1. Leaving out ligands and nucleic acids, and using a 1.4 Å probe, what accessible area per residue does the chain come to in Å²?
2. Can you give me the long-range amide H partners of Met104? Hydrogens built in the peptide plane at 1.01 Å from N, cutoff under 5 Å, separation of 5 or more residues or another chain.
3. Could you calculate the FRET efficiency of Ser505 with Ser258 from 1/(1 + (r/R0)^6), where r is the beta carbon distance between them and R0 is 56 Å, rounded to 0.05?
4. In the neighborhood of Ile276, defined by Cβ-to-Cβ distances under 12 Å, what is the net charge if each Lys or Arg adds +1 and each Asp or Glu adds -1?
5. Hey, if you drop one equal point scatterer on each alpha-carbon of segment 192-430 and run the Debye formula without solvent, what base-10 log of I(q)/I(0) do you get at q = 0.08, 0.13, 0.15 Å⁻¹?
6. Please give the peptides 77-84, 115-122 ranked by average Cβ packing (other Cβ atoms within 10 Å per residue), highest first, as a rough proxy for protection.
7. Take the cross-link list Lys196/Lys489; Lys202/Lys230; Lys130/Lys298; Lys430/Lys489 and give me the ones stretching past 21 Å between alpha-carbons.
8. Give me the one-decimal nm value for the distance between modelled label points at Ser376 and Arg330, 7 Å along each residue's Cα-to-Cβ direction.
Amino acid sequence: MYTSILSATMQGIRAIPVQVEVDVSPGLPGFSMVGTVNSQVREAQDRVRTSLHNLEIPVPPRRITINLSPADVPKAGTGFDLPITAAILESLGQLPKGGLESVMVTGEVGLDGQIKKVRGVLAMVEEARKSGCQGCIVPWENRREAQMIQGIRSVGVRNLGEFMRTVRERTWEHPEKEREKMEIAPEITADFREIKGQTAAKRGALLAAAGFHNILLMGPPGSGKTMVAKRIPGLLPALSHEEAMEITSIYSVAGLLSSKVPWVSNRPFRSPHHTISPQALAGGGKIPMPGEITLAHKGVLFLDELPEMKRETLEILRQPLEDGEIHIARVGGRYSFPAEFLLVGAMNPCPCGYYPDRNRCDCGEHEIKRYQQRISQAFLDRMDICVTTNAATYGEFRGEIPDSDSIQWSTENMRKEVERARLIQKERLKESGICYNSQIPPGEISTYCKTSEEAEKMLQGAFEKLHLSGRACNRILRVARTAADLAGKEQIEEEEIAEAIGYRSFDKHSWK
Ligand SMILES: [Zn+2]
């Protein structure tokens, strides 16, 4: 007796349809499994057999062969338990023949018959919809995520008994109950208004968000670098439906969704510890899983204590910062994960953290230089904006700041400015295939970053006096472009050039 049921496996963040074929025939009793499966999938036979036994479903002493096709696709995960069980039950006549035609099935089966959540359900259901399926049966805990995909009916099941009832009653054909609507209204949990003083850092954050410029925050411990970084996602425009789906799909693959958090509605903020391994940052494993840079897609990746990070870990960021995605090569093929994030770095200026405050810092010049040079020039070249944060003054700490100031620097006001500047960029860059000022290629700087005569002179002066590289000049122009967009100016003037030069302070430090 031969049965075939549709399921899927994950390759990167893409789902690939897999047919689970089961043949029950006379012969030496036993299970065998074929079709490029890893050990996790192979163990499915034990879980399936034990759970059927525990549910007192008699499995006759026959030869059971399971094939997962196509054979050349590597398969991993525990999601094949449920389709395998379903195919066996159908072969044994416990479920109606052909009852799961045009239905995709996924789920891990526990030894007690409970069905546990699996990764990647969102992408699987989308794949099922594309291939014309009518319905999907998924673990209960994945149901809300599955139901985000419109045009296909997804049913969640808690255990094998419920699964069998669902198949017999063809629940997915019944009119749906009201579906929960996906809410993508971002909630602001931290507001810039709460930060006292730090006008330079706030202005830097505003520019970074408006032009998608990477930003480095330098300052003593406790000067609010983390506070500023955490609030940057709130400055980015609200997620569009497509963006929310894409990010949710990534979190689904990473196994980070649950019934309580079935989708992602805020821009991600990821802040891995400086001891993170290159694999955890980039993504890895035999069948690669998304790393921190992919979890930060469309949001902010915050790296604190930059000089403490290993160079090889920082090197990983180079390619995704250029391409907006990361490629991982494996025997089974090449995997790509999206990784378009705003990089926010933070560091102390010296080993003790208080340089240049010589009342507190007695680090030697040589020590300071060595500390700062732990970050390569190549990495610094990717940071458009560097701002210094200062410990709050007593007056600022006690909240003695004019009201008008705290209103101006509220997250809501700043985001409005960002949105305005983004619209101007979109219009100007619509034919170039890029979205933000930070992405303007060197060859097109002169087209998009037009300067006034005085501004040009000022830049030339800086170039000669500060021995700037051509690359640094381009960065100055891109940041100045964003500053001009925020000010609603078509032409870049001296004011914007002066501001942007100010953000290259690290070129004047020991890095030279
Ligand atoms: Zn020091």
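The values are calculated or read from the model by the stated rules, or taken from the named source; none is laboratory data. These numbers come from a predicted model, not from an experiment. Cβ atoms come from the backbone with ideal geometry, glycine included; neighbour counts cover every protein chain shown. With ligands, DNA and RNA removed, areas are computed over all heavy atoms of the protein, side chains included. Shrake-Rupley method; radii C 1.70, N 1.55, O 1.52, S 1.80 Å.
1. Heavy-atom accessible area per residue stands at 45 Å².
2. The answer is Gly135, Cys136, Ile137.
3. Between Ser505 and Ser258 the formula returns 0.80.
4. Summing Lys and Arg as +1 and Asp and Glu as -1 gives -3.
5. -0.33, -0.86, -1.11
6. Result, highest mean Cβ count within 10 Å first: 77-84, 115-122.
7. Result: Lys196/Lys489; Lys130/Lys298 exceed 21 Å.
8. The modelled label-to-label distance comes out at 2.7 nm.
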